[in-house]
Amino acid sequence: MSKQATWKRRVAEWRASGLTAAEFAAGRDFAPATLSWWAWRLGSGALPERRAADGPLSAGFIRVVTAPPVPAVDESPLVVEIGVARVRIARGVDRDVFETVVAVLAAHARGGA
């Protein structure tokens with residue numbers, strides 16, 4: 001019987017017994033922590049096992065790549081107030097668009113437009 005099959009049987013017996021890991025392991029040739037680890041390993045928290053092309057079972061691994069965080073849409077490092085108008089300026093705003101908005105608001109605040 002394979003090591004995994006042995007532990008699968010032990011974990012099943014332990015779960016069916018209703019005992020704690022320490023109670024179940026008492027007097028046996030394994031530690032309660034080992035029993036708990038195998039219960040985790042055989043459960044949903046474990047990495048899936050896969051058979052190598054011509055070798056024994058091995059743990060499967062995946063590569064995890066993280067990207068830099070994307071700033072929140074409403075992140076505005078600068079707020080411009082002209083009269084009662086408040087304009088939030090986000091990073092990377094087009095300078096021509098910004099100057100046009102400020103000019104229109106300034107004209108409006110002076111009573112023009």
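Each value in this text was obtained by applying a stated rule to the coordinates, not by laboratory testing. Being a predicted model, the structure only gives us computed values, none of them experimental. Note that we place each Cβ from the backbone using ideal geometry, even for glycine, and neighbour counts take in every protein chain shown.
Overview of results
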| quantity | calculated |
| --- | --- |
| Spin-label model distance (nm) - residue 84 vs residue 6, 7 Å beyond Cα toward Cβ | 8.2 nm |
| Residue 82 long-range amide H proximity, modeled H, under 5 Å | 87 |
